[in-house]
Amino acid sequence: MPNFIMSYLGSTVTPGEAGSQFWALIYVLIIFAGVSVAVICMNWIERKALAHFQIRLGPMRVGPHGLLQPFADALKLMLKEDIIPAEADQFVFWVAPLIGLLAAFTVYTVIPFGPSQAVSDMNIGILFMLGVSSLGVLGIVVSGWASNSHYPLIGALRSSAQMVSYEVAMGLAVVSAVLMTSLNASGTGTLSMIGIVQAQQQQGVWFIFKFFPLGFLAFVIFAIAMVAETNRAPFDMAEAESELTAGYHTEYSGLRWSLFMLAEYAAMIAVSSIAVTLWLGGWMRPFPNLLHAPAWDFIFSLFPGLTFGGLAAIAMIGAARMPAHSFFRIQRIGLAVFAALLAFSALLLLVIAIAGRSADTSVAARFREGIDYVYWFVLKVAVFMYLFIWYRATWPRYRFDQLMRIGWKVMLPISLGVLLLTAIVGVILP
Amino acid sequence: MNPALNSALSINSGMAPVATPWFFYALAGMAVLSGVFVITRRNAVHAALALIITLLSVAGLYLMLYAPFVAGVQIIVYAGGIMVLFLFVIMLVNIERSSKERAFNRMWPVGLAAAGALMVLFASAIVKGSHINDMFRDRLMPLPESTNTQQIASLLYGEAGRMGQYTFAFEIASLLLLVAILGAVIMTKKKI
Amino acid sequence: MSAETNEVSSRALLSSDASNRSALERSHLDLETAEKPYLDSNELIINMGPQHPATHGVLRVILKLDGERVLGTECVIGYLHRGVEKIAENRTYTMFNPYVDRMDYCAAVSNGLGYCEAVEKLLNVVAPPRAQYIRVILTELNRIASHQLWLGTHALDIGAMTPLFYTFRDREEILKIFEKYCGARLTTHAFRIGGCQYETYAGFEKDVNNFLTFFAPKIDEYETLLTTNRIWLERTKNVGVISGADAIALGVTGPVLRASGVKWDLRKAQPYAAYSEFDFEIPVGTNGDTYDRYLVRMEEMRQSMRIIEQAVSRIPEGAIMGKVPKVIKPPVGEIYHSIEAPKGELGYFIVSDGSTQPYRLRVRPPSFVNLQALDVMVRGLLVADVVAVIGTIDIVLGEVDR
Amino acid sequence: MVEKYRSQYGSGLDPLTYLGQNYLAVDRSLIPDILRLLREEEQFDYCVDITAAHYPKREKQFDVIWILYSFPRNERVRVKTQIADGASIASSVSIWPTANWLEREVYDMFGIQFDGHPDLKRILLPDGWKGHPLRKDYGILQQDKEWVQINLGIESGQ
């Protein structure tokens, strides 16, 4: 058994590629659980961050600082009556949230959290991601139609038009990044997600800085298009609550509605992962080529532990600063326990980092490496998730025709131009 | 292709795909069944959903044929793009009326004949069975999964210093599509 | 929308009759003249409201849509009708006073001021100067509060969540002053016929001055969020345009009229209370679009602060209650008195038959009349703009339906 | 100004002032002309309000009142006329578009018909409601019980 585990840990390829059904299944489960937990965390963070943007406190009642609020919400949504409108198309109404969810989660099969930390490394990874994530719109369109109601229908029409238009600009931006992968020594590009990150590693530069400002422009276009693609503010036309009450999911309630939310957040994480992989060096830590000494490796591998330590400290301060009133006692204890858990994780991570500091093939070193990869990847994705919240708190909503105009008349020409220039520069420069 | 990936690939090149017949029959059955649904469902949206399932199963079959690029394009273009537009249009059509109309018009004998002919073709290919490789021997080309995309690219655009076999046809096709797009825009737009 | 480009400066508008005439020619604003749908597609009839997040209460707008384009609208109102005018006929003048607060509950003080002044006029008494000053201060504070509420909800309608909370934070300070002054926050019933019932509490001036220094940077804060925000500009510029002539023909008043370039404010045109003693400007827009209305209201908040500042510094000593009989029995006659409420001209038409109860009391609600312009403003726009325009007219359904 | 029209229209016009506010008592037959004149010639371009009052004991039961304002003159004037129950009066929607809803409200509350109004129907009360609440013979507790029972499914709205 240890040998079996070691055989995997020692592998340099993804389980899908190695043909290991067992490990692939484990990975799928880990990712499914991880994404679900991430969505729950995101739910809490979004509510808290949004609240603080808006000078409120946000959830404070369920658990210390509302930490248990997402669980309470989930419980509530699961127990809520599941209403299917009488005039709705029963089957399609039932299947629509599943389509969205399926599309959002399928994408994760090719997201590389590390060189071997992915379910599979598909040859056409990025194409697969774009294709599958574009299937998510089917769920929205179909749900709007099946509700047999005007507002959802308008929401569905809006979102289908919006997603189809922004996919074009998004695709062109992606292609310009893919073009850059071909500037290796071998002169062959790749569509594989892992290959793209490795290309950045070999070229020694994140693609966001490559051919400045071309890479940056492509990245910005992608960053805008991905907000439109996930129906988030300021492009949340499909569910604009002040215009269409709730857009495509107006008629949904309970668990079905929560599936839509789950799909939306999963899709947000997925597109952020694409952006990170394509332009921000994926799992790579900052300056892997510049600061490549083993000492630097060690210093950077301390970051996960330190991050958790910082979180633990914040939680601890929060517990200490709670009012000294008997009403808050249980909350204080809860927060302290939470802080202790975080601190324990921090300790564990630090121990692993120190134990695996030598770059050999020991279990600890392997673990340390894997943790590093996942940590840096997740950190970069988290920045994007924060941006999503920030956008939502700051900007008014675009109008539908303005959105389309920007998509077709601004983003598409710019991304085409960037693509052409990238190709030209790529041919001339080396 | 970067060396790291190449070395990675060499590890599993001997791996046989798992449970291939199972996947094949499941996907093929799904494709056929939902294909039947496409033409029998009176509700246009149901038919469209069935068509999406057909397209996805076919994409799965492409994957099994070591043609991931075609599979990806199938998903992104047909399932993702065209079907969304289909649904878009269907939603604007009066569903109540169309669901009352007869699903089959008088062209159905022709359709049946065409389907029968196609079936005979496939059957003959299957009957030849083990000789199937003989049928297209001159076209048979080893297409390992890893370089499939690259080979398509070199067919279309050519490799360094050599024009691709289909570059001209490819460009003509894209030009044709461009003309079609412009035509559609001009026909529907009152003023540009 | 109206093709006539509207460059009416207030003077040009006041002197020329031609622009008004053109408004007359296009004055049949019924649904029959709705625009034709594009490519003969089906019209979509949508009920917006009465339960809808963006209709500010129980307004129901029936939208006739071509896709997302609005071909015509019809407002269905009356969901909040409480028969205020009928109630007035069955209450004494004093008893009716609190009822007016419930009409425009966002600007209860203004409503009370209008009613008290109307009855005072009918009685032929004048409130003492100190009472007038207190009235001005509170009314202007209420104008700021009303505009804050408008700004928050309007921004929320357009999708900006955050300004709502900022404005509510600052509105809270005003409500605190109200609460300290008369014990109520929303439906204040601050004034009595003949003056004010309550003397200002100790530290009133200080509180008001504190508020002014606190609030001045807050307006800038709102403006940094919105005024030059690109999305905000795109969503509000050239949306819901109404020309000055159209606005007059439709009886639109208040900031909506001023944003269309008509420099008309009852505080200047026919000064009431103590307004003639203060120095302030009337902001005027040029385009009559949603953005101009936004700017006008933002500037009005600043001007209100100017008025409050002057009033607080010059508040005279003296009585706060005029010579009003215990039982209010105005002589037979009728009176129309109107004030500049935050939403426009708020008028009271009272017919007295010499008894203790009004024989007929008519309220001329600004929201009701302004709402009529919605149809003109949203024709040919998109659904999203309907929401923006409803927000920018600044209606309060309590006042529309009464 | 009033003198001019008085000579033109005879005795149907009566200028009055109360508490410094001017109003014209006008005979019903002259209303359309006078309103149009006020709008076109005298620049009363803003129709502030249209309302009515009910005097059940009079022969002509209703006062209909137009409150007008002139932007150029900064002046208000009220026009008042008396009409009998069931009689109708010319609509002024073609003079001031704003009269549309105001007249609808007068119709809703008093049951006064306006000839030539594009869409004269109830505005604040529901369409099928019986009675006109601001008439003096309509009690303050009175309501259209039948309507409430049918449309709201409850015994009484109070």
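Nothing in this text is a laboratory measurement; each read-out follows from the coordinates by a stated rule. Source: prediction; values computed, not measured. Cβ placement follows ideal geometry from the backbone for every residue including glycine, while neighbour counts extend to all protein chains displayed.
The figures follow:
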quantity: Long-range amide H partners of A:Ser182 with built H, under 5 Å; calculated: A:Thr190
quantity: Neighbouring partner chain Cβ atoms per residue of C:382-389, average, 10 Å criterion; calculated: 5
quantity: GNM result for chain C, Cα springs below 10 Å: residue of C:Asp157, C:Asp246, C:Asp279 fluctuating most strongly; calculated: C:Asp279
quantity: Value of [θ]222 nm, deg cm²/dmol, for chain A, DSSP H segments ≥ 4, -39500 (n - 2.57) each, nearest 500; calculated: -23000 deg cm²/dmol
quantity: Cα→Cβ-extended label distance, 7 Å offset, between A:Asn289 and A:Ser182, nm; calculated: 2.0
quantity: Helical segments meeting 15 Å axial Cα length and Kyte-Doolittle 0.5 threshold in chain C (DSSP H); calculated: C:108-123, C:383-393
quantity: Entries in C:Lys323/C:Lys343; C:Lys323/D:Lys136; D:Lys121/D:Lys145; C:Lys176/C:Lys218; C:Lys268/C:Lys329; C:Lys268/C:Lys323 that, when Cα-Cα distance is taken, lie over 25 Å; calculated: C:Lys323/C:Lys343; C:Lys323/D:Lys136; C:Lys268/C:Lys329; C:Lys268/C:Lys323
quantity: Likely footprinting exposure, A:Ser358, D:Ser70, fewest C-beta neighbours within 10 Å first; calculated: A:Ser358, D:Ser70
quantity: Residues A:Leu302, A:Leu29 arranged by fewest to most Cβ contacts within 10 Å; calculated: A:Leu29, A:Leu302
quantity: Cross-link partners of A:Lys409 among lysines (Cα-Cα below 24 Å; sequence separation of 8 or more within a chain); calculated: B:Lys189, B:Lys190, B:Lys191, C:Lys237
quantity: C-alpha center-to-center spacing [the range A:96-113, the range D:29-62] in angstrom; calculated: 69
quantity: Size of electric dipole in the range A:293-430: Cβ of Lys, Arg +1 and of Asp, Glu -1, about Cα centre, debye, nearest 20; calculated: 660
quantity: In range of the label at B:Ile126: residues from the range B:18-57 whose backbone nitrogen is under 17 Å from the point 7 Å along Cα→Cβ; calculated: B:21-36
quantity: Mean Kyte hydropathy of -0.5 or more with a Cα span along the axis of at least 27 Å, helices from DSSP in chain A; calculated: A:21-53, A:125-146, A:150-181, A:254-279, A:329-355, A:363-394
quantity: Max mean-square fluctuation residue, GNM over chain A, Cα-Cα springs under 10 Å, options A:Pro294, A:Pro112, A:Pro59; calculated: A:Pro294
quantity: Cα gyration tensor, the range C:87-166 - rounded (a/c under 1.5), prolate or oblate; calculated: oblate
quantity: Per DSSP, loop GluC sites (Glu not before Pro) in the range C:281-351 with at most 15 further Cβ within 10 Å; calculated: C:Glu281, C:Glu317
quantity: Exposure proxy order (Cβ contacts within 10 Å, fewest to most) of B:Trp22, A:Trp408, D:Trp101; calculated: B:Trp22, A:Trp408, D:Trp101
quantity: Dipole of the protein assembly as shown [Lys/Arg +1, Asp/Glu -1 at C-beta], most positive-end residue of A:Val351, D:Trp147, B:Gln150; calculated: A:Val351
quantity: For the protein assembly as shown: rounded, prolate or oblate by the Cα gyration tensor [a/c cutoff 1.5]; calculated: prolate
quantity: GNM top mover of A:Gly66, A:Gly356, A:Gly334 - chain A, alpha-carbon springs below 10 Å; calculated: A:Gly334
quantity: Cleavage-rule hits, GluC sites (Glu not before Pro), the range D:40-88, DSSP coil, Cβ neighbours within 10 Å at most 14; calculated: D:Glu41, D:Glu59
quantity: DSSP beta bridge pairing in the protein assembly as shown, given as percent antiparallel to the nearest 5; calculated: 90
